[in-house]
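Inspection log for the structure reproduced underneath, given as structure tokens.
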Amino acid sequence: MKKVLITTLGCKVNQYESASFKAGFEDAGLTVVARNGRADIVVINTCAVTGSAGAQSRQAIHKALRKNPGAEIIICGCYAEIAADDLAGDKELQDRTYTLIGNSQKGKLVSQALAGSTGSQQVLLGDIARAKEICRLPVRRFADRVRAYLRIQDGCESFCTYCIVPYTRGPSRSLPVPEVLDQAKVFAAHGHKEIVLTGIHLGNYGKDLLDSPTLITLLDTLSLATPEVAYRISSLEPLEIDTTLLTLMQGRKNIQPHLHIPLQSGHDEILTRMNRRYSTEQFREIITLCRKYLPDAAIGIDILVGFPGETDAQFADSQTFLQSLDFSYLHVFPYSIRPGTKAAGFDKQVSKAVKDQRVASLRQLSDLKKTAFCQSQLGRTWPVLVEGRRDENGMLKGFTTNYIAVTFLGPDELRHGVVPIKLLELQGNSVFGEINEI
């Protein structure tokens, strides 16, 4: 019986797609081995969103080559999409059998692997810029996780000047509502208590479909059809959040009070040069609106520092703007040059040392905001989805519906279930709580 190793880098969409590969291989009778296991077929689902992600993808490929000298290597994902020429010139790959599979061809990955190697190098990239339909990649169960990711959309047409993703993922394509609903029901039947809706540009969901559903109408349908499942939205652009969405989130107990909103810069001039289509004042209004409807929601923000030409004064203004907002945490990234994007040719690239200082400063701010948010919830009781594994201290762990990491004492039978937990004390990066049956 052949063994398969799947290594996944990058976003939740990649993780969903790898779960589909796993299901396909298992259905064909192959064994999918755990990380670092030896295998006959190795799949590396790569990422290229930053320079660091690209480097990690190359490292993962080289590690797989060394650990599995006789294996067939399949390289797919965003790095495979943009770095085919680089990979063709890679000395460690030149004498190996491998296949490159582009993002628009991922639906063929399992059948291609099962067909066996031809003893040569194959390239199945397709034309991502002309992709018209999302790859059908059904999943039976999302590994042993309590939380499943459901990819409902792929592609992006925003062309922010710093971002390579539109070139690696192609135009926006959506999974029709009946197929989304079928996948959600499969996850529910296999015991998943929470589903995270994922996509590359989630707010564009449905615009390419004939009946033009929206993310809001899809959420409405899903939350009513599977009331036993909670839904979490992975990320939404600022101008895609409105009173209709917030009213639905407010009124449905199984839509989690959690929003992740990319800002990228707190300075209007930088936002314009990034080709972000909103102002800081509009962003502030969105955060205020979210707090009006969902006062206890977790609100996360993406921020990119060291964009070309970002001065010390502009960064200071951005930091001051962030300090003034009522959010829960930040995801902070240093700007990374991506060849092929407009920003790669911009003047006044910021040094690594300056970017590192700015990242550290904003991560400190994130810690302060996270602490304040957690402290504001102490004494409250929230439903917690309990993970399958205990933490290093033997405590059960999980996340509240409003995305606070929690640890507590309890028996094993609570794992994978939803338990009401009273939040008692902030301890490091999580809150200690106790079971509070009401």
Please work out if Ala188 is surrounded by 19 or more Cβ atoms within 10 Å (Cβ to Cβ) and either farther than 19 Å from Cys11 by Cβ or more than 18 Å from the chain's Cα centre (by Cα) (or both).
no
Do you know which residues across region 12-38 are in contact with a helix residue (DSSP H, G or I) (Cβ under 6 Å, 6 or more places away or on another chain) and in a strand (DSSP E or B)?
Val32
Verdict on Ser174 being out of contact with any Asp or Glu (no Cβ under 6 Å at 6 or more places or on another chain), of a type outside the set (Lys, Arg) and in the same structural domain as Leu215 (by TED's automatic domain parsing)
no
Does region 143-160 hold any residues that are of a type in the set (Gly, Ala, Ser) and either in contact (Cβ under 8 Å) with a residue 60 or more places away in the chain or out of contact with any Pro (no Cβ under 9 Å at 6 or more places or on another chain) (or both), and which are they?
Ala143, Ala148, Ser158
List the helices (runs of 4 or more DSSP H) that sit entirely inside region 255-323 and contain at least 2 residues that are touching a His at 6+ places or on another chain (Cβ under 8 Å).
312-323
May I ask you to list the residues in region 165-185 that are buried (at least 23 other Cβ atoms within 10 Å of the Cβ) and either of a type in the set (Phe, Trp, Tyr) or assigned to a loop (DSSP other than H, G, I, E, B) (or both)?
Gly170, Ser172, Leu175
So, restricting to strands (runs of 3 or more DSSP E) that lie completely within region 324-438, which ones have at least 1 residues that are of a type in the set (Asp, Glu) and surrounded by fewer than 19 Cβ atoms within 10 Å (Cβ to Cβ)?
418-427, 430-435
Inside region 340-373, the number of residues satisfying the requirement of being within 22 Å of Ile164 (Cβ to Cβ) and either in contact (Cβ under 8 Å) with a residue 24 or more places away in the chain or small (Gly, Ala, Ser) (or both) is 15
Answer yes or no: is there a residue in region 49-66 that is crowded, with 20+ Cβ neighbours inside 10 Å, of a type in the set (Ser, Thr, Tyr) and closer than 15 Å to Leu87 by Cβ.
yes
Sole exception among (1) out of contact with any strand residue (DSSP E or B) (no Cβ under 7 Å at 6 or more places or on another chain); (2) not assigned by TED's automatic domain parsing to the domain that holds Gly206 for Tyr79, by number:
(1)
If you go through region 143-163 one residue at a time, do you hit one that is in a helix (DSSP H, G or I) and either in contact with a Cys (Cβ under 7 Å, 6 or more places away or on another chain) or closer than 18 Å to Leu219 by Cβ (or both)?
no
Kindly indicate whether Leu197 is in contact (Cβ under 8 Å) with a residue 12 or more places away in the chain and more than 18 Å from Val13 (Cα to Cα).
no
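Listed here are the residues, each with its yes/no results for (1) at pLDDT below 95; (2) touching a Lys or Arg at 6+ places or on another chain (Cβ under 7 Å).
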position: Ser366; (1), (2): no, no
position: Gln375; (1), (2): no, no
position: Thr381; (1), (2): no, yes
position: Glu392; (1), (2): yes, no
position: Phe399; (1), (2): no, no
position: Val419; (1), (2): no, no
Keeping to region 119-128, report how many residues are buried (at least 16 other Cβ atoms within 10 Å of the Cβ) and assigned to a loop (DSSP other than H, G, I, E, B).
2
Just to be sure, is Thr97 over 30 Å from Ile337 (Cα atoms) and not assigned by TED's automatic domain parsing to the domain that holds Thr341?
yes
Restricting to region 298-321, give me the number of residues that are surrounded by fewer than 21 Cβ atoms within 10 Å (Cβ to Cβ), touching a residue at least 12 places away in the same chain (Cβ under 8 Å) and hydrophobic (A, V, I, L, M, F, W, C).
1
Checked against (1) within 16 Å of Ala19 (Cα to Cα); (2) in a loop (DSSP other than H, G, I, E, B); (3) among the small types (Gly, Ala, Ser), Gly116 satisfies every condition except (1)
Can you tell me which residue within region 79-89, out of those that are of a type outside the set (A, V, I, L, M, F, W, C) and surrounded by 16 or more Cβ atoms within 10 Å (Cβ to Cβ), is nearest to Gly155 (Cα to Cα)?
Glu81
In region 92-107, is there at least one residue being in contact with a Phe, Trp or Tyr (Cβ under 9 Å, 6 or more places away or on another chain) and surrounded by 13 or more Cβ atoms within 10 Å (Cβ to Cβ)?
yes
Taking the condition in the same structural domain as Arg169 (by TED's automatic domain parsing), modelled with pLDDT under 95 and either among the aliphatic types (A, V, I, L, M) or within 30 Å of His416 (Cα to Cα) (or both), does Leu210 pass?
yes
So which of Ala113, Ala131, Ala143 ends up being surrounded by fewer than 16 Cβ atoms within 10 Å (Cβ to Cβ) and either among the small types (Gly, Ala, Ser) or within 30 Å of Pro308 (Cα to Cα) (or both)?
Ala143
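The values are calculated or read from the model by the stated rules, or taken from the named source; none is laboratory data. Fair warning: this is a prediction, and the values are worked out from it, not measured in the lab. For neighbour counting, all protein chains shown are included, and Cβ atoms are generated from backbone atoms with ideal geometry for every residue, glycine included.
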